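Below: one structure, written as structure tokens.
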Amino acid sequence: MSNIPGPSEKDPAEGSREIVERELKRTEKPASRAPVAQQSQASMNAGDEAPPGTAGTGETVCPECQGTGRRRGATCAHCGGSGKITQGIGGG
């Protein structure tokens, strides 16, 4: 018998999918417990009328960059580079 380990006995290669997935699971942070209002405030851009996901709102194309996410050669400050803003819908 040989002392050479078989395929199932070898450690996975550095950078292999198995290693990467194992490290991702090991370093995953638990879900944030911050209140939804605080989470939403952090993701608002200058052009948003309300936090994303707020009832009575929807996404629309940014009027400043026309949905490109760029303005005058830089990231659009109005939409944060996403090309979309959150805006109230309906009314009355």
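The residue pairs whose first member lies in the stretch 49-61 and is part of a loop (DSSP other than H, G, I, E, B), whose second member is among the β-branched types (Val, Ile, Thr), and whose beta carbons are closer than 6 Å, counting only pairs six or more residues apart or on different chains, are Ala50/Thr57; Ala50/Thr86; Pro52/Thr86.
Scanning for something at pLDDT below 95, loosely packed, with under 11 Cβ neighbours inside 10 Å and of a type in the set (Asp, Glu), does the stretch 29-49 turn up at least one residue? The answer is no; no qualifying residue exists.
Scanning the stretch 50-63 turns up one or more residues that are surrounded by 13 or more Cβ atoms within 10 Å (Cβ to Cβ), at pLDDT 70 or above and touching a His at 6+ places or on another chain (Cβ under 9 Å). When Gly73 is tested against (1) surrounded by 13 or more Cβ atoms within 10 Å (Cβ to Cβ); (2) modelled with pLDDT of 90 or more, exactly one condition is not met: (1).
The values are calculated or read from the model by the stated rules, or taken from the named source; none is laboratory data. Since the structure is predicted, the reported quantities are computational estimates derived from the model, not experimental observations. Methodologically, a virtual Cβ is constructed for each residue, glycine included, from the backbone with ideal geometry; neighbour enumeration extends over all protein chains shown.
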